[in-house]
Amino acid sequence: MPPNLHLFSSPGQTDINNVGSSYFEGMNATQFNFSPHYPLDEFEQSVKDERLSDYHFFNDNPVIMLADGAYVNVDGKKTTLVRGEAWILCKDQEKEKLEEGKLISL
């Protein structure tokens, strides 16, 4: 398995799908999808957000966008932002900035 497990598959996506699959229900590791390398620059965020909207056209699960250096802890069904900057984007909603140490809930 590559060190950067990237479970994102979307039309128009510019990141490489390292796993090479669009079926992830068997993993069932978390209820979220992850978008690593989320930019801190506002313009670059708007470009990435547009691609994430394309993803939500076909998929319903929430996406956690992680800036470089950020990481989460997944413990069973509990997911927490441990460090760094991150946002969550749910289908048909505005993205929300996550707070370190707080449980990420829907």
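The residues listed here are ASP68, ASP49, ASP54; of these, the one that is out of contact with any helix residue (DSSP H, G or I) (no Cβ under 9 Å at 6 or more places or on another chain) and either more than 21 Å from GLN93 (Cβ to Cβ) or assigned to a loop (DSSP other than H, G, I, E, B) (or both) is ASP68. For the stretch 86-98, a residue qualifies if it is in a loop (DSSP other than H, G, I, E, B) and under 19 Å from THR30 (Cβ atoms), and the qualifying residues are CYS90, LYS91, GLN93, LYS95, LEU98.
Taking the conditions exactly as written (within 23 Å of ILE104 (Cα to Cα) and modelled with pLDDT of 85 or more), does ALA29 satisfy them or not? Let's see the steps before the verdict.
Details: within 23 Å of ILE104 (Cα to Cα): yes; modelled with pLDDT of 85 or more: no.
Judged against the criteria, ALA29 is not a match.
Would you tally the residues in the stretch 67-81 being among the small types (Gly, Ala, Ser) and surrounded by 11 or more Cβ atoms within 10 Å (Cβ to Cβ)?
Result for the stretch 67-81: 2.
In the stretch 33-46, the qualifying residues are those that are of a type outside the set (Phe, Trp, Tyr) and part of a helix (DSSP H, G or I), and the one that is surrounded by the fewest Cβ atoms within 10 Å (Cβ to Cβ) is GLU42.
Give me the residue from the stretch 67-87 that is modelled with pLDDT of 95 or more and of a type in the set (A, V, I, L, M, F, W, C) and, out of that set, farthest from the chain's Cα centre (by Cα). Among those residues, the one meeting the criterion is VAL82.
One residue stands out in the stretch 54-66 among those that are more than 12 Å from the chain's Cα centre (by Cα) and within 20 Å of SER105 (Cα to Cα): the one that is surrounded by the most Cβ atoms within 10 Å (Cβ to Cβ), namely ASN59. Entry remark, the stretch 82-106: residues being aliphatic (A, V, I, L, M), within 14 Å of ASN33 (Cα to Cα) and surrounded by 13 or more Cβ atoms within 10 Å (Cβ to Cβ) number 4 in total.
The values are calculated or read from the model by the stated rules, or taken from the named source; none is laboratory data. This structure is a prediction, so every number in the text was calculated from the model and none was measured. Virtual Cβ from ideal backbone geometry, glycine too; neighbours counted across all protein chains shown.
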